[in-house]
Amino acid sequence: MTTKELATTVQGTISKPPKKGWLYAPSPEGTDHFRLKPRYELFVGGKWVEPQSGKYFPTINPATETVIAEVAEANAEDVDRAVKAARKAYHKVWSKMKPAERGKYVYRIARRIQERARELAVVETLDGGKPIKESRDVDVPLAAAHFFHYAGWADKLEYAFAGRRARPIGVAGQVIPWNFPLLMAAWKLAPALACGNTVVLKPAETTPLTAMILAEIMQECELPEGVVNIVTGAGATGAAIVDHPDIDKIAFTGSTGVGKRIQRAVAGTKKRVTLELGGKAANIVFADAAIDQAVEGIINGIYFNQGHVCCAGSRLLVEESVHDLLVRKLTRRIETLRVGDPLDKNTDVGAINSKMQLEKIQELVAHGVSEGCQIHQSRAQLPSRGYFFAPTFFTGVAQSHRIAQEEIFGPVLSVITFRTPDEAVEKANNTQYGLSAGIWTDKAAKVFWMAKRMRAGVVWANTFNKFDATSPFGGFKESGFGREGGRAGLAPYLADAGSFASARSFVEAE
Ligand code: NAI
Ligand code: MG
C-alpha cells in the first residue's frame, strides 16, 4: 500500500494541509565545494587497492534514486588481505607505539574531520538521505567529538580501570549500519585505536561514502599503513570478517537478526564480541509533564533521521488523562514538519535510506491499519522521486500489535495509554528490546523511581535523543551488549579490563 493510498483509507484522522505561511523558500546546501571519485577501491594497508573479486556496486542517493559512485565489493580473499595488513600493523607498529603518540594520531583525525566537516555532512546526506541540518549539526560534530574524547584516553588507560594493565586485544573487525554511517565508524574506530588495536571496518552497502572520505583522512593524517583498513561490500563481506580466524574482536551495530547470527558464528572461538542491535524505546509522558516540551521531545524522538535510529522513541506511553490533548497537539505538530529534499537546510524529515527499508515501513504501517489501529499522517507533499514516507502515528494501539512490538525503523509512532507509574513501567519493559527510554514529568523523584525500573541502557529525562562522547551507550536484552562512548567504551577494546569487560557489570558497578 502506498502512503497516498494509506492516507485515503482512514478518513477524518488526517490533518489539514499546511497553511501558506509555513512554506519556506528552498535553501539547498551547495555540492560544488568537493568532488567525489566515480569509483572507490578498497582501503587496505594504507593504499587503495582493486578488489580480487573484480566486482563493484553502485551507491545511490535515496532522495533522487541516482547513482553517486561505485564502490568495490570485497570477497573473502579481500577481507583476508585486510586482516593480514591489520595484523602486521598491530605487531610492527601500533601495539608498540607509545600511547601518547597514538593519542596524537587520534587527535589529528578529529581535527581533520572538523576541517572536512562541510564535505562530510553533504556526502552523508547525499548517500544516506538524512537532512543536512542533522548531518551538519549532529553526525559530523559528534564523530569528531568521539575522536577527541578517545585521543585523550590513549595515554591514560592505566587510570581507566584501576589495578588493571591496559593491553590491546589485537585486530578488531567492525561492521556498521547505514543510519549514522560516519558516526558509527567514529564510535568503533576511536576507542579501538586509542587502546592500541588495529581495525578492519566495513560500512553498510547503502552508505559507504563517508567511510571512503575517512580513509582519505587516515592517509592525510599519515596514520601508519594497515592500522585502519576499510573494505566495502554487503552481508557476505561482513560475514567474511566475522568468520576470519585471525580476528580477535567483533564489534557490530545493526539488526537483531544479524546480531544473533554473529553471536552463533563466534561461539566457541577466541573472538570477543559486542553487539548494538535494535530497539523499541518508550517515551513515557506523565500528566504532570510540560506537555509542549514533551511534544517536541516526541517529535525529535521518532521523526529525527526519519526514525532510522536504533534508540528512536517509537512507542509513546501517555498517561490516559492527557492522551486526547497530546494527540491533538501531535496532529498539529506533524503537519508542520517539512518533508523533502535532504540537502535543503529547512528539511526536517529527509529520504528513507533505501527502497527495501521504505517497503518494510509501508508493510508494517499497512499491518497497523489492518489490525484496526487509527492512523494519523501528515499531509506533507512527498517528492515524486526518491524514497519518502510522511510522518505518521497510530492511536488505539494494543501491546500485542505488531507495530507495538517490531522495530519499524521509520517515521512511525505507536501511541499507548497507561494509568499508573507501575503500569507505565510494565508496558515500557514489555518488549524484547532495551536500548533507551524517555521520561517526561515535572517530578524529579518520579524520574528516579522510573529510571531505576527501566530495563534500558539509556534513560533520558525531559529530553530525548541526546548524545555525548563522554556518555556510554548500549543495550539490555535483545538490544545487545557492550557499551560505546565514555570510559565504558574502552573496555571492549582492552584485553584485561577485568569485570568491566562485561558491559552490564560495568553499568551496575557505576
Ligand atoms: P543489517 O543488520 O543487515 O546491516 C547492518 C550491517 O551488517 C551492514 O553493514 C550489513 O552489510 C552487515 N551485514 C548484513 N548481514 C551480515 C552478516 N550475515 N554478517 C555480517 N555482517 C552482515 O541491517 P539491514 O538489513 O540494513 O536493516 C534491517 C533492519 O535492521 C532495519 O529495518 C532496522 O530495523 C534494523 N537496523 C538497526 C540498526 C541499529 O542501529 N540498531 C541499524 C540498521 C538497521
Ligand atoms: Mg547510498
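The values are calculated or read from the model by the stated rules, or taken from the named source; none is laboratory data. Only a predicted model underlies this, so the values are computations on that prediction, with no experimental measurement involved. Backbone-built Cβ (ideal geometry, glycine too); neighbour counts: all protein chains shown. Each accessible area value is taken on the protein alone, full model and side chains, heavy atoms only, with ligands, DNA and RNA left out. Shrake-Rupley method; radii C 1.70, N 1.55, O 1.52, S 1.80 Å.
Worth pointing out:
- Looking only at segment 335-353, and only at residues there that are open to solvent by 20 Å² or more (accessible area, probe 1.4 Å) and of a type in the set (S, T, N, Q), the one that is nearest to residue 208 (Cα to Cα): 346
- So residue 282, is it open to solvent by 10 Å² or more (accessible area, probe 1.4 Å) and not polar (S, T, N, Q): no
- Leading residue by the ranking (nearest to residue 251 (Cα to Cα)) among those in segment 161-178 that are within 16 Å of ligand 1 (Cβ to nearest atom) and surrounded by fewer than 24 Cβ atoms within 10 Å (Cβ to Cβ): 177
- Being out of contact with any strand residue (DSSP E or B) (no Cβ under 7 Å at 6 or more places or on another chain) and surrounded by fewer than 19 Cβ atoms within 10 Å (Cβ to Cβ) holds for only one residue in 246, 292, and it is 292.
- Matching residues, segment 249-279, being open to solvent by less than 50 Å² (accessible area, probe 1.4 Å), near ligand 1 (Cβ under 7 Å from one of its atoms), among the charged types (D, E, K, R) and out of contact with any Asp or Glu (no Cβ under 7 Å at 6 or more places or on another chain): none
- Any pair with Cβ under 7 angstrom, 6 or more apart, that starts in segment 89-106 at a residue that is assigned by TED's automatic domain parsing to the domain that holds residue 494 and ends at one that is open to solvent by 40 Å² or more (accessible area, probe 1.4 Å) and of a type in the set (Lys, Arg): none
- Flag not set for residue 158, criterion: out of contact with any strand residue (DSSP E or B) (no Cβ under 7 Å at 6 or more places or on another chain), over 26 Å from residue 273 (Cβ atoms) and surrounded by fewer than 23 Cβ atoms within 10 Å (Cβ to Cβ).
- Reported count of residues in segment 49-64, each being more than 13 Å from residue 125 (Cα to Cα), more than 10 Å from ligand 2 (Cβ to nearest atom) and under 27 Å from the mean Cα position of the chain (by Cα), is 2.
- Criterion: within 16 Å of ligand 1 (Cβ to nearest atom), modelled with pLDDT of 95 or more and either surrounded by 22 or more Cβ atoms within 10 Å (Cβ to Cβ) or over 16 Å from the mean Cα position of the chain (by Cα) (or both) - qualifying residue of 191, 181: 181
- Some residue of segment 309-329 being in contact with a Lys or Arg (Cβ under 8 Å, 6 or more places away or on another chain), β-branched (Val, Ile, Thr) and either within 16 Å of ligand 2 (Cβ to nearest atom) or at pLDDT 95 or above (or both): no
- Members of segment 395-413 found to be of a type in the set (Gly, Ala, Ser) and touching a residue at least 40 places away in the same chain (Cβ under 8 Å), listed by number: 404, 410
- Residue within segment 202-214 that is more than 16 Å from ligand 2 (Cβ to nearest atom) and either open to solvent by less than 10 Å² (accessible area, probe 1.4 Å) or part of a helix (DSSP H, G or I) (or both) present: no
- Exclusive hit being assigned by TED's automatic domain parsing to the domain that holds residue 249 and more than 24 Å from the chain's Cα centre (by Cα), set 116, 111, 136, 81: 81
- The set of residues in segment 469-491 that are within 14 Å of residue 274 (Cβ to Cβ) and acidic (Asp, Glu) contains only 484.
- Pair list, Cβ under 7 Å, 6 or more apart: segment 155-168 residue closer than 16 Å to residue 486 by Cβ, other residue modelled with pLDDT under 85 and among the small types (Gly, Ala, Ser): 161/497; 161/498
Conditions tested, residue by residue: (1) in contact with a Ser or Thr (Cβ under 7 Å, 6 or more places away or on another chain); (2) at pLDDT below 95; (3) of a type in the set (A, V, I, L, M).
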position	(1), (2), (3)
349	no, no, yes
369	yes, no, yes
418	no, no, no
423	no, no, no
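- Taken over segment 44-60, the criterion of being touching a Leu at 6+ places or on another chain (Cβ under 7 Å) and open to solvent by less than 20 Å² (accessible area, probe 1.4 Å) is satisfied by 51, 59.
- Top-ranked residue of segment 217-233 - restricted to ones that are open to solvent by 40 Å² or more (accessible area, probe 1.4 Å) and either without any contact (Cβ under 8 Å) to a residue 12 or more places away in the chain or not in a helix (DSSP H, G or I) (or both), ranked as farthest from residue 130 (Cα to Cα): 225
- Scanning segment 332-372 for residues that are without any contact (Cβ under 8 Å) to a residue 40 or more places away in the chain, closer than 25 Å to residue 399 by Cβ and within 16 Å of ligand 1 (Cβ to nearest atom) yields a count of 2.
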